[in-house]
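First the structure, in the form of structure tokens, and then the observations on it.
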Amino acid sequence: MILEILKYPDPRLKEVGDPVTQFDTELHQLLDDMAETMYASEGIGLAATQVGKKLRLFVIDLGPQDSQPGKLLEFINPVLSEPQGKIAFEEGCLSVPGFTEEVNRSEMITVTYQDRFGNSHTLRAQDLLAVAIQHENDHLDGIVFVERLSSLKRRMLKKKIEKAVTL
Ligand code: Y12
Ligand code: CO
């Protein structure tokens, strides 16, 4: 089922997700629906907060990479650590359609997370995957990339968004 994606500045995007405690069919359905919604919207990442679910989980599929086909990744109760390096990346978000801005992130991070069955994993991620994980993890803390911009860039982008909404 395709879910409705909340659009910035919907106040529900500011909610902090609760840890997932039940690894049941309801969770599996939500993960499947989120993946379907992400693919239908041509996105590469989607967090539960963006579909109005106050839970700590997100899905990512970066699409084909280095002649390998795209792979759906599911992260539940992620915890980020060991940030290394800096990267400035032009980010977009399905909750802020039509707008992109350069955001400063860590180039490399470690993420510890659970899969849909509750098993724990650790992944060292870099470049685009590291950026995607940081972007999606921010959503779980109620942070949209707009809030990561310098105050000048943020004010300019907010004005552009307000203008687009009232058109
Ligand atoms: C790097 C940076 C940010 C992320 C987070 C995930 N972001 C997205 O999935 C962005 C999707 C997106 C899709 C758009 O729609 C189409 O391309 C058809 C789009 O364009 C418009 O809305 C006009 C903008 C963003 C991961 C990795
Ligand atoms: Co986003």
Run down Glu107, Glu90, Glu82 and say which single residue is touching a residue at least 12 places away in the same chain (Cβ under 8 Å), more than 30 Å from Met156 (Cα to Cα) and of a type in the set (Asp, Glu).
Glu82
Can you say whether Lys54 is over 20 Å from Pro78 (Cβ atoms) and either open to solvent by 20 Å² or more (accessible area, probe 1.4 Å) or touching a strand residue (DSSP E or B) at 6+ places or on another chain (Cβ under 8 Å) (or both), as far as the supplied structure shows?
no
Assess whether Thr49 counts as being more than 10 Å from ligand 1 (Cβ to nearest atom), polar (S, T, N, Q) and not in a helix (DSSP H, G or I).
no
Would you be able to say whether some residue in segment 81-99 is under 22 Å from Ser120 (Cα atoms) and touching a helix residue (DSSP H, G or I) at 6+ places or on another chain (Cβ under 7 Å)?
no
Just for segment 83-126: of the residues that are buried (at least 19 other Cβ atoms within 10 Å of the Cβ), away from ligand 2 (no atom under 16 Å from the Cβ) and of a type in the set (Val, Ile, Thr), which one is farthest from Lys53 (Cα to Cα)?
Ile109
Collect the residues in segment 127-149 that are open to solvent by 30 Å² or more (accessible area, probe 1.4 Å) and either within 9 Å of ligand 1 (Cβ to nearest atom) or closer than 16 Å to Tyr113 by Cα (or both), keeping them in residue-number order.
Leu128, Leu129, Asp141
Residues that are outside any strand (DSSP E or B) and open to solvent by less than 90 Å² (accessible area, probe 1.4 Å), drawn from segment 64-81:
Gly70, Leu72
Testing Ile2 on (1) of a type in the set (Val, Ile, Thr); (2) over 23 Å from Ile161 (Cβ atoms); (3) away from ligand 1 (no atom under 16 Å from the Cβ); (4) open to solvent by 20 Å² or more (accessible area, probe 1.4 Å), one condition comes back false. Which one is that?
(3)
Verdict on Pro69 being without any contact (Cβ under 8 Å) to a residue 24 or more places away in the chain and either within 16 Å of ligand 2 (Cβ to nearest atom) or within 22 Å of Met108 (Cα to Cα) (or both):
no
Which of (1) within 16 Å of ligand 2 (Cβ to nearest atom); (2) surrounded by fewer than 12 Cβ atoms within 10 Å (Cβ to Cβ); (3) basic (Lys, Arg) does Lys163 not meet, given it meets every other one?
(1)
Picking from Asp138, Asp66, Asp115, the residue that is at pLDDT below 95 and farther than 19 Å from Tyr39 by Cα would be Asp66
For the structure I just gave you, tell me whether Asp61 is open to solvent by 50 Å² or more (accessible area, probe 1.4 Å), acidic (Asp, Glu) and either farther than 30 Å from Ile161 by Cα or modelled with pLDDT of 95 or more (or both).
no
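The values are calculated or read from the model by the stated rules, or taken from the named source; none is laboratory data. Note that this is a predicted model, so its numbers are computed, not measured. All Cβ positions, even for glycine, are placed from backbone atoms using ideal geometry, and neighbour counts span all protein chains on display. What goes into the accessible areas is simple: the full protein's heavy atoms, side chains included, and nothing from ligands, DNA or RNA. Shrake-Rupley method; radii C 1.70, N 1.55, O 1.52, S 1.80 Å.
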